[in-house]
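Okay, so here's the structure we're looking at.
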Amino acid sequence: MRPWVNIVSLWLFCAAACQGAGPVLVPQIDGEWWQVAGDPDLGRLTTPKQQPVDFAIWQAADGTWQLWSCIRHTAAPGRTRLFYRWQGARITDRDWEPMGIAMQADPNFGETPGGLQAPHVIKLGREYIMHYGDWENICQARGVDGKTFARQLQPNGKSGVFSEGPGVNTRDVMVLRAGARWLAYYTAYPDKKGAVYVRTSQDLRRWGPSRIAAAGGSAGDGPYSAECPFVYFHKESGYYYLFRTQQYGMKARTSVYRSKDPMDFGVGDDRCLVAVLPVAAPEIVEDGRELYLAALLPNLKGIQIARLKWAPK
């Protein structure tokens, strides 16, 4: 078989994994937004420039809803970032209760001062497992109440579990179960080229080598072109949807891709691109059968939630 035939066959196979047959369902905001978190009082670490950015939302063991956000541009030393926590009785409540600073980077465990970024929490049995970035590495912490977490140190005594290397800002991790394996999605920018990376694990402790799941295309390949990756499995259609942010603020932009293969959403092309949303750092939250989309406020001074639906493109 000629080489060009192999290339065409591979492209057709990849395109089929993205497009398939039947209507293409895309996520749509269903109704009005409501604000759940604002610009917190950090005491002596408060500054006028601080901004709540990448965050995670989950339900704790007592049924309350937890929101942890990375607050940047604070007076914290180093990279200025820390985690702050809010709590709500119901996901549909407005203005959740501020609960204070939840976590700060600890250089004793190899973390970059002020470098905490983008927490993400899953529940496995009775345990809550948080993954987060420390500016250079993806780290892990665990707890049982869904409110407090203890770092899980590696054999070297450090909290870093894996990284794309020094100086490339490995960050914005989220973890998803796909069959018998776990997938960790995150971003980094080797050679100033941003991409969405993915690694696999069987036990959430040992992770395999990385591969690029998405990069380039109309979203670009700059260092911030693949921020806040979030992947959702849409059970009814059997497709995985990747949300990949390019811009924060009043001109927020997140590209949405879908694929049958959770390891491939298109590299250097738009074959899996199905929508562009005017939001930043979105996260899908499930409450029973109800779906919600959480995202940053356009002014970067808080976090908002809206109902989410899926509709034909």
Task: Residues of segment 282-313 satisfying the condition of being charged (D, E, K, R) and farther than 22 Å from LYS123 by Cβ - done: LYS301, ARG307, LYS309, LYS313
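In segment 37-73, which residue that is assigned to a strand (DSSP E or B) and of a type in the set (A, V, I, L, M) is farthest from GLU227 (Cα to Cα)? Let's see the steps before the verdict.
Just the residues of segment 37-73 that are assigned to a strand (DSSP E or B), to begin with: 37, 51-59, 65-72.
From the residues that got through so far, the ones that are of a type in the set (A, V, I, L, M) too are 37, 53, 56-57, 67, 71.
Details: ALA37: 21, VAL53: 11, ALA56: 14, ILE57: 18, LEU67: 19, ILE71: 16 Å.
Filtering segment 37-73 for residues that are assigned to a strand (DSSP E or B) and of a type in the set (A, V, I, L, M), the one farthest from GLU227 (Cα to Cα) comes out as ALA37.
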TODO: State all residues of segment 288-312 that are more than 20 Å from VAL274 (Cα to Cα), touching a residue at least 24 places away in the same chain (Cβ under 8 Å) and small (Gly, Ala, Ser); if no residue qualifies, say none.
DONE: GLY302, ALA306
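Out of the residues in segment 88-99 meeting the condition of being free of Cβ contacts under 8 Å to residues at least 40 places away in the same chain and outside any loop (DSSP other than H, G, I, E, B), tell me which one is surrounded by the most Cβ atoms within 10 Å (Cβ to Cβ). Steps first, please.
From segment 88-99, those free of Cβ contacts under 8 Å to residues at least 40 places away in the same chain are 89-90, 97, 99; that's our starting set.
Keeping just the survivors that are outside any loop (DSSP other than H, G, I, E, B) gives 97, 99.
On the way: GLU97: 12, MET99: 16.
Restricting to residues being free of Cβ contacts under 8 Å to residues at least 40 places away in the same chain and outside any loop (DSSP other than H, G, I, E, B), the top hit is MET99.
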Task: Within segment 209-293, strands (runs of 3 or more DSSP E) holding 2 or more residues that are of a type in the set (A, V, I, L, M) - done: 211-214, 273-277, 283-287
- [ ] Return yes or no: is ALA252 among the small types (Gly, Ala, Ser), over 17 Å from MET174 (Cα atoms), touching a Pro at 6+ places or on another chain (Cβ under 6 Å) and at pLDDT 95 or above?
- [x] yes
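Each row is one residue, and each column tells you yes or no for (1) within 24 Å of ALA17 (Cα to Cα); (2) among the basic types (Lys, Arg); (3) modelled with pLDDT of 95 or more; (4) touching a Gly at 6+ places or on another chain (Cβ under 7 Å).
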residue	(1), (2), (3), (4)
ASP106	no, no, yes, no
PRO155	no, no, yes, no
ASN169	no, no, yes, no
PRO190	no, no, yes, yes
ARG206	no, yes, yes, no
GLY222	no, no, yes, yes
Open item on the list: Among the listed residues ALA294, ALA226, identify the single one that is buried (at least 17 other Cβ atoms within 10 Å of the Cβ), closer than 26 Å to THR46 by Cα and either aliphatic (A, V, I, L, M) or more than 16 Å from the chain's Cα centre (by Cα) (or both).
Closed with: ALA294
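A quick yes/no check of all residues on (1) surrounded by 15 or more Cβ atoms within 10 Å (Cβ to Cβ); (2) at pLDDT 95 or above; (3) closer than 21 Å to ALA281 by Cβ:
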site	(1), (2), (3)
PHE13	no, no, no
ALA17	yes, no, no
VAL26	yes, yes, yes
GLU32	no, yes, yes
PRO40	yes, yes, yes
LYS49	no, yes, yes
ILE57	yes, yes, yes
TRP68	yes, yes, yes
PRO77	no, yes, no
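The values are calculated or read from the model by the stated rules, or taken from the named source; none is laboratory data. Note that the structure is a prediction, hence the values are computed from the model and not measured. Note: ideal-geometry Cβ built from the backbone for every residue, glycine included; neighbour counts use all protein chains shown.
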